[in-house]
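Everything below concerns the one structure shown next.
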């Protein structure tokens, strides 16, 4: 599955643990939060005033390493 902004934080972190590094960089420390199972990356980024496309780009680069 491709990384997308529609993924929940929980799903993203389960499939791609390396995403936690990028999320933390942007202050999105929600990987262990109870809401991670239903909050989508796009919604969390918007709530924190972060550009979701920039986060996705960095997560994809981190995964490729």
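The values are calculated or read from the model by the stated rules, or taken from the named source; none is laboratory data. Fair warning: this is a prediction, and the values are worked out from it, not measured in the lab. Here the Cβ positions follow ideal geometry from the backbone for every residue, glycine too, while neighbour counts run over all protein chains shown.
Of all residues in segment 16-37, those satisfying the criterion of being surrounded by fewer than 16 Cβ atoms within 10 Å (Cβ to Cβ) and at pLDDT 90 or above are 17, 18, 21, 24, 25. Of everything in segment 1-12 that is out of contact with any helix residue (DSSP H, G or I) (no Cβ under 7 Å at 6 or more places or on another chain) and more than 13 Å from residue 52 (Cα to Cα), the residue that is surrounded by the fewest Cβ atoms within 10 Å (Cβ to Cβ) is 2.
Residues satisfying the criterion are absent from segment 40-61 (criterion: touching a helix residue (DSSP H, G or I) at 6+ places or on another chain (Cβ under 9 Å), surrounded by 18 or more Cβ atoms within 10 Å (Cβ to Cβ) and in a loop (DSSP other than H, G, I, E, B)).
Of all residues in segment 13-35, exactly one satisfies the criterion of being within 10 Å of the chain's Cα centre (by Cα), over 17 Å from residue 50 (Cα atoms) and not in a loop (DSSP other than H, G, I, E, B), namely 13.
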